[in-house]
Structure formats: structure tokens, C-alpha cells
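Inspection log for the structure reproduced underneath, given as C-alpha cells.
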């Protein structure tokens, strides 16, 4: 682990960017000279992009990417193996049979009617609640205040 840390620290030292900002004392004293801030931001953006590109294209980044890809492939293989084993289990067979029975009951109408009744009931409730909400935002009668103007204690 310490060997890996030293490698990372060495890479950090190699990748460090030194930014030297020369101070031109004559230019610093002159306020009449125009400074193009937008151009400086462009230059900074290009440098930042180049730095990120060099980081992402480094050998260390490629090595880590390879390890992550290998790990994800291994993970996917294990999950697929477990799923395939589960498909053939007695529990899975029983669940398939129960699902087929439920589908048959729905097709014969037993659950279909209950689902339809429940759906209609739910839609009516939602419609009623939306109507109540709409009434709160509708303009009030001439003699009443608008709901937005009422105090929260009323």
C-alpha cells in the first residue's frame, strides 16, 4: 500500500503545473492600458482543458480504467451466474406458476373488475382533490379576499 502511495505521490509531483505570473511593474502602474479579461478567461479555459486531457490520457488513468472495466465485467459475470441459477430453482418455478394463475384470474375478470373499481375510485378522488386545489387559486367573490391575501391563521 505504501509503495502504491509513493507512486501516486511521484505522479502528482511530475504532473504539477507551475504557474508563473510575471509582474510587469510598468504595466501595473499604468491604468490607461486596456486589459482583455475575456481573453484571459479563454486562455485559462484552454489551459484547464489541456491539463484535464493530459490527466485523462495518462498511463495511471488508463491503468485505473482497465481495472474498473475488469472489475465491472467480473461483477456482471457473477450477477448473470446467480440469475441463471435462480431461474432454475424450485422457488422460481413456483413463482412462474403463481404468476400464470394470477394472469388467468385477471383474464377471467375477478381481479379485472376489482382493479377497474379501484381505478375509478382513485381517479374520482384525484379529480375532487384537484378541484379543491383549483378553487384555492380561483379569484374570490367580490366580498371576499383572494386566498393569497388571507393570513395563515384564518
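Check the range 135-143 and report whether any residue there is closer than 30 Å to residue 100 by Cβ and at pLDDT 80 or above. No, there is no match, as no residue in the range 135-143 is closer than 30 Å to residue 100 by Cβ and at pLDDT 80 or above.
Residues that are surrounded by 10 or more Cβ atoms within 10 Å (Cβ to Cβ), modelled with pLDDT of 80 or more and touching a helix residue (DSSP H, G or I) at 6+ places or on another chain (Cβ under 9 Å): does the range 114-133 have at least one? Checked against the condition, which is being surrounded by 10 or more Cβ atoms within 10 Å (Cβ to Cβ), modelled with pLDDT of 80 or more and touching a helix residue (DSSP H, G or I) at 6+ places or on another chain (Cβ under 9 Å), the range 114-133 yields no hits at all.
Only helices (runs of 4 or more DSSP H) whose full extent lies in the range 26-109 are considered here, and the ones with at least 2 residues that are at pLDDT 90 or above are 37-56, 59-87.
The values are calculated or read from the model by the stated rules, or taken from the named source; none is laboratory data. Only a predicted model underlies this, so the values are computations on that prediction, with no experimental measurement involved. Quick reminder, even Gly has a Cβ in these numbers, built from the backbone with ideal geometry, and neighbours come from all protein chains shown.
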